[in-house]
Structures are given as structure tokens and as C-alpha cells.
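A quick write-up on the structure given underneath.
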Amino acid sequence: MLKTAIVVLLSAAVATPVLEVRPQSGLDFTLRNSPTPQKYLIETMPGGAALLDYNNDGLLDIFFVNGGRITSPIQVPDNFDRHDPLYWNRLYRQNKDGSFTDVTQQAGLANVGDGNYGMGVAVGDYDNDGYPDLFVTNYGKNILYHNNGDGTFTDVTAKAGVAGGGWSVSVGFFDYDNDGKLDLFVTRYMEWDTQHSKDCGGDFHTYCPPGEFPRTTNILYHNRGDGTFEDVSVRSGIAAKKGRGLGVAFADYDGDGFTDIYVSNDGMQQHLWHNRGDGTFTEVGLESGAGLNVDGGPLSGMGVVFQDYDNDGRPDVLVTTLPRQTYGVFHNDGDGSFSDRGRETGVAMLSGVTSGWGVGLEDFDNDGQKDLFVAQGHVLDNVEKIDPSLHYLEPTLLALNRNSRFESVNPGTDALTASRGAAFGDLNNDGWIDVVTTVLGGHAQVLMNRGGSSHWLTITLRGTRSNRDGLGARVRVNGQTRFATTAGSYLSASDKRLHFGLGAAGTAKIEVAWPSGIHQTLNDVHADQFLEVVEPEKQ
């Protein structure tokens, strides 16, 4: 018996990793955050990544948000040298041979404004023309890029009325009123600017904690359908509560047919915005049990994912945090309430001494259960001097889902990094989910899935009465549920296609609840294919 146990343990130790870091030809992005002795807080917070098929050739392309050049000390007015190619955001087109070509300039994405320091990105087809558009957040003014359908983008921010202001962070497209047009939600971190920055170190210079600065409000934009958006933050109730928003994710947690919003806040209660279905929202984080940890304490919320990890059909919430806290796992109990399951799921044991940012619940081994991936790295670049037990550069976390308990496995890299954004999708269309992460001051990482023998199914939704992307739909396949979204993680946007691992099953039953209220069922669908599901015009 003992000999058998030893063999099992050795087998687990030498098991082939699910993911592996694989350099991609032509992909040479470096996230330049420009750390300075003054420790301006924006330096440690960027930057996002997005996976999208911008030219509709069936291959995922990659967009990265860059930071900017920060002078030491900063001169008034703020100028981050975004005209310098070193500090451009970057769009890489994937070629048929799997290599990438930098098409930033020819796509019209090079000029981002010298007063902007880059943060996050959202992807969605806001005008339903069949081409994905980009929204980029900044410390400064935000930018909406309309996809012209010919390989180029146009900055339509002024016309659309979505420049915002202040310090915007994560952002996402979603249809909160089910009118078939994608709206926008923008998180903002705090009331902060470079001229009121502080140094909170004692013997060592260090970035200040969020409590040193006032909270602020997030922004909700309603899509009018004519290329413009209306700021409805006040009318909708979103502006009624201030926070320190970093991450945002969407799902219909109570099954009423309207998409709700979860915002991860830094150093305070998390916010769950319940969609009342009449254009207004009520913040219910505290009373629902999804706002504080099991001990009643606040979280330093960074990234967030809003998906169903235990296959009970209800979306759960997972929030990444800083060390000395464990990542929050809020299980949806089905009666409008959530319970903290960090200990029961094993996530508490995996996260007490690390800092989590980009996060995803994806089925990496195609066994029908969503696994956990977290991009990690401390917020303080000199944390070892302050607390020798902590580290600035941290390992990547990959934990496989074993019947709703997560078990850490080899993430496919032993590199220690200060990672931030993480985006998820099938880069090489082999039916296995890959990951792209950003690294402060370093090259982006692409973790390719080694694959295996299990079956899979990848679904592209095409709305007719609903928004064309089908965002907000609930899709159930062989007992698994996914909520259609490109948002979540931290600062990043993932592939809009919905991926399902099927294990040994060679066929699937698909059930789609569209935002329009239409329900659609497809039986005996063959596995191992990319399938487009078109919304019926009527029930």
C-alpha cells in the first residue's frame, strides 16, 4: 500500500504540465510602467491585454495596453511621451502560420495622447456591425476605437462622449437593459493625481495604500444606438456609492434575466450591483454576503471573475487580493445570497502569501470543470526591504478543479514575475484554452495549452434580437454553465467564444438563454468543433 502511494505521488510530481510558456514569433511587447523613486501609484497598476479577432479571419489577435514614460519628478502638465513608439499600445495580428505581425500604426492605434497613462481594455461590437471595437482606459482620458472593418480603427471618443476623466481602470461592455445594444461600465480607482501623490515609506520609499486617498465613483454609459453614449451613472444609482474599483465582471446572479455587476474594490467592501430591470441598480454586496470575507473583513480586491465553478448553474465570484489575505471565493447559494468558500475550495491555502491580479476560471484540461489561473506579483517593488517574508516577483498560479476543490499544479513556467493582466482564449484553434499575461517592465507571456485527448466544444454566439455578440446570454452545455462575456480578470478582455470541455462525451446538448428572453436548444451536437449559434428571430 505504501509503495503504491509513493508511486502515485511520484507520478503527480512528474506529470506533464497543462500549460507551457511558448515564445511567439513577432510578438515582442514590453509593458513599460516607468518606476521612479517618487513611487507614483500609477506605476504599479498597468496594464491590460485583449484577445480578439479584429479582422474576422478566424484567428485571435492580441492587443496590449502600455503604460507611459514618467519623469522623476513629474513636470506639470503630465506628459507620458505616448507619441514615442516605446510607449504605444500595441496590436498584433496573428498570421496563418501562427506568427504575429505588429500592425499598430497601420491600424490607426498609435496615437493615444501624451496626457494618458495606459491601464485597461474592453472588447465588444457596440454598433452591431460584426466587427469588435476597443475601449481603452487611462489615467487621463479614455479612448473608444471604432473598428472600420478594413483593418483600421478610428478614435470616436469625442463623438461618443465617453472620455471620462480621472483614473479609470477596468472596463467592460455589457447590455444592462437588454435593448440589443452594448453599454459600458468603467471602474475608477480613487481621487488621485500626480501632483497630490504621497510617499508613504518610513525608512524606505514605498507606494501608498489606497486608504490614503478619497474614494470615487464608477461610470455607467448607456448606448443610445446612434454612435453616442449617455452617462447614466447618477440616474442608474451607480454613482450613489463610492469605492476604489479595480476589477469588474458581469453575470446574472439571481436568474431574473438582467445582467448584474460585480466590482472588486481595494481595501474595502466589494460591490455587487443588482440590476433591477428598470434601468437602475442597487448595491447589495453586504447583505448578499458577497462583500466581505468569512470573518467580516474587507478585501484588497484586485481582479475578479464571475462564473460558475461548481456546475450548479449559478455564477460564483472569485476575487484576487494582496498577501495577508486569501482570495475571496463567494459561492452563489441560489437564494440571492453568497457564502465565502475559500477554505472549502482550497483557494485559501493557495493564496495567503501572494498577490493576485488577472484571474480566470477556464477548463484547461477539458474535463468539464473550470480551473483557476491567477497572474501574480506584489504591488510593492521593494517589499522585501519592508517585509523579508514577502516577494515582489511571484509564481503563476494554476489550480485544477477536482470536484469543486482546487489543487495547485505546475503552471508551465517557473519564472517569477510581477504579472498584472491576463486574457484567456484558444490562440491556435486546437480546442484547448491558452493564456496571455502582461508583466511590469517585462515581456508579455503566452502560455500555450499542451492539449490532450478529452473532447471539447467552442461556441460563437450571434445575436439577432439581442446584441450581436450575445453578451449576457447564459449557455448550458452538458451540465456546465457559462455566462457570455469578454470582461473580467484585471484590466483585460478575453475571447468572446465560449469554451466547454466535454471529457469523454462525443456529443453535447446546448441550451442558450438569450438576453432577449428567447430560449434555444440544440441536441446531439458533435464534439470537437467550433460552432456558431444564431439567435432565432422569435421563440
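Solvent exposure of segment 98-187 amounts to 27 Å² per residue of accessible area, where only protein heavy atoms count and the probe is 1.4 Å.
With 5 Å bins beginning at zero, the pair-distance distribution over Cα atoms of segment 395-464 amounts to 3, 13, 20, 22, 19, 12, 7, 3, 1, 0 %.
Excluding same-chain neighbours fewer than eight residues apart, the aspartates and glutamates reachable from Lys385 by a Cα-Cα span under 20 Å are Glu43, Asp199, Asp203, Glu394. Separation of segment 422-462 and segment 210-279, taken as the distance between their Cα centroids, equals 28 angstrom.
Across the accessible surface of the chain, with the other protein chains kept in place and a 1.4 Å probe, carbon and sulfur atoms take up 50 percent. Out of the chymotrypsin sites (Phe, Trp or Tyr not before Pro) in segment 107-213, which ones are loop residues according to DSSP with at most 15 other C-beta atoms within 10 Å? Within segment 107-213, the qualifying chymotrypsin sites (Phe, Trp or Tyr not before Pro) (loop, at most 15 other Cβ atoms within 10 Å) are Phe204. Here's the list of lysines a cross-link from Lys509 could span, going by alpha-carbon distance under 23 Å and ignoring same-chain residues fewer than 8 apart: Lys370, Lys496, Lys538. Calculated FRET efficiency, Phe530 to Asp81, Cβ-Cβ distance, R0 = 60 Å: about 0.90 to the nearest 0.05. The Rg/Rh ratio of segment 111-165, with both radii computed over alpha carbons and Rh defined as the Kirkwood radius, is 0.96.
Each of Leu134, Leu27 has its accessible area taken with a 1.4 Å probe; listed largest first, they run Leu27, Leu134. The shape of the chain comes out rounded: with a ≥ b ≥ c from the C-alpha gyration tensor, a/c is under 1.5.
Ranking Asn66, Ser34, Thr154 by Cα position along the charge dipole of the chain, where only Lys, Arg, Asp and Glu carry charges on their C-beta atoms, puts Ser34 farthest toward the positive end. Distance between the 7 Å Cα→Cβ label points at Thr152 and Asp333: 5.7 nm. Over all distinct Cα-Cα pairs of segment 420-538, the Kirkwood formula returns a hydrodynamic radius of 15.2 Å.
Between Gly225, Cys200, Gly255, the Cα set farthest toward the positive side of the dipole of segment 191-269 (charges on each charged residue's Cβ, about the Cα centre) is that of Cys200.
In segment 68-193, inverting the average of 1/r over every pair of distinct C-alpha atoms gives 15.7 Å as the Kirkwood radius.
Largest first and in whole Å, the equivalent-ellipsoid semi-axes of segment 68-127 read 27, 15, 10, each the square root of five times a Cα gyration tensor eigenvalue.
The values are calculated or read from the model by the stated rules, or taken from the named source; none is laboratory data. As the structure is a prediction and not an experimental result, all values here were calculated from the model. For neighbour counting, all protein chains shown are included, and Cβ atoms are generated from backbone atoms with ideal geometry for every residue, glycine included. Protein only, heavy atoms only, side chains kept; ligands, DNA and RNA dropped before computing areas. Shrake-Rupley method; radii C 1.70, N 1.55, O 1.52, S 1.80 Å.
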